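Values in this text are rule-based calculations from the coordinates and carry no lab data. Owing to the predicted nature of the structure, the values given are computational and were not obtained by experimental measurement. We place every Cβ from the backbone using ideal geometry, glycine too, and count neighbours over all the protein chains shown.
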Amino acid sequence: MNAVAVKVSRPARPAAPPMPGFESLDRDHREMLKVLDDFESLLAHVGENGPDSVAKASAKHIQQFFSGAARQHHAEEERLIFPGLLASGDAELVQHVKRLQQDHGWLEEDWIELSTQIEAIANGYSWYDLNSLQHALPVFSALYREHIALEESIVYPAARRQVRAA
């Protein structure tokens, strides 16, 4: 009976934000990898066909994904996954999370540079610089792929363990 009385007398506090489902975050990663492949295909297509209707539709999807879903995914990680891991006291894990945070900044910088040209293709304009895109995309793609690999191999498993222990 006393245990019940203690619980009833606890002060109310704001609800904690829900942890994102790891299935959702994993699904985001699969989509990111697919859209990166689509991006590579787009550049090959544009090189042969210019900003035709197929290129415009593909560029629009890529633009929407990296300007929307990818940014939201990073924000969820920053808000819900990383803080607990940074407070874990595990120096190696903290370094991995700090690297991922740095990656988020670099990915954003890279996307800002790429997005105006992808938007041009999406709108059917021909002022994009295909050569520049062909040099920038491998850097963007490699960073995303390394980032996802680090999250899925080390950081997400640690976050899952932390959630189970709570």
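Quick notes
- FRET efficiency estimate (nearest 0.05) - Cβ-Cβ, ASP90 to ALA69, R0 30 angstrom: 0.50
- Sites ASN49 and GLU109, calculated FRET efficiency, Cβ-Cβ separation with R0 30 Å, nearest 0.05: 0.55
- Spacing of the two label points (7 Å from each Cα toward its C-beta) at ALA15 and ASN123, in nm: 4.1 nm
- Of the residues LEU137, LEU93, ILE148, the one whose Cα sits farthest toward the positive end of the charge dipole of the chain, with +1 on the Cβ of Lys and Arg and -1 on the Cβ of Asp and Glu, is LEU93.
- Selected from PRO83, THR116, ALA59, residue furthest toward positive end of dipole (the stretch 22-165; charges at beta carbon): PRO83
- Semi-axes of the equivalent ellipsoid of the stretch 19-114 are 32, 13, 10 Å, computed as sqrt(5λ) over the eigenvalues of the C-alpha gyration tensor in descending order.
- Value of [θ]222 nm, deg cm²/dmol, for the chain, DSSP H segments ≥ 4, -39500 (n - 2.57) each, nearest 500: -24500 deg cm²/dmol
- Here the gap between VAL163 and SER132, fully extended at 0.36 nm per residue and compared with their Cα-Cα distance, gives a gain of 6.9 nm.
- Residues TRP127, TRP111, sorted so that the one with the fewest Cβ neighbours within 10 Å comes first: TRP127, TRP111
- Sorted ascending by nearby beta carbons within 10 Å, beginning with the fewest, GLU77, GLU92, GLU113 become GLU92, GLU113, GLU77.
- Among HIS135, HIS45, sorting on how many other beta-carbon atoms sit within 10 Å of each Cβ, with the fewest leading, yields HIS135, HIS45.
- Cα long-axis angle, helix 22-49 against the chain (0 to 90 degrees, to the nearest 10): 10 degrees
- Options (1) 10, 42, 39, 9, 0; (2) 10, 38, 35, 14, 3, 0; (3) 9, 33, 25, 17, 9, 4, 2, 0 - which one matches P(r) over Cα pairs in 10 Å bins from 0, in percent as calculated here: (3)
- The chain, relative contact order in percent, only Cα pairs under 8 angstrom and at least six apart counted: 29 percent
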